[in-house]
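These notes are about the structure you will find just below.
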Amino acid sequence: MQNKIDINKIDKKLQDDGWNFKGAILHYKKAWKNQASVYEKNGKYIVSGIDFTGEKELFKSISKKEAEKRIDESLKEIRKFMLGV
């Protein structure tokens, strides 16, 4: 399936609007291929990317605590996969 949405355009739009990229998260069921990004702006956190259907943008609120936990878990998994650690 070819996505109609360009993730790079979503990222640029968010950053132009003042959102700061904090990290990627894995196993997010509401996202395309269960992968999404976390952004922060003025103490508020969101999960963004492409929704699970591949047809719409994903923009969901998430608590700071949950965002940090999910980013940390995802980084550990990525390191394990890439480095075999």
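Values in this text are rule-based calculations from the coordinates and carry no lab data. What you are looking at is a predicted structure, and each value in this text was computed from that prediction instead of being measured. We place every Cβ from the backbone using ideal geometry, glycine too, and count neighbours over all the protein chains shown.
Listing for the model above:
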read-out	value
Within the chain: Cβ-based charge dipole about Cα centre, in debye rounded to nearest 20 (Lys, Arg +1; Asp, Glu -1)	180
Proximal lysines relative to Lys56, as straight alpha-carbon distance under 18 Å, when same-chain residues fewer than 8 apart are discounted	Lys4, Lys9, Lys12, Lys13, Lys29, Lys30, Lys33
Net charge contributed by nearby residues that have their C-beta within less than 14 Å of Lys12 (K/R +1, D/E -1)	-3
Label assignment, P(r) over Cα pairs in 5 Å bins from 0, in percent derived from the structure, set [x] 3, 16, 25, 23, 18, 11, 4, 0; [y] 3, 14, 19, 18, 13, 10, 9, 8, 5, 2, 0; [z] 3, 14, 24, 20, 17, 11, 8, 3, 0	[x]
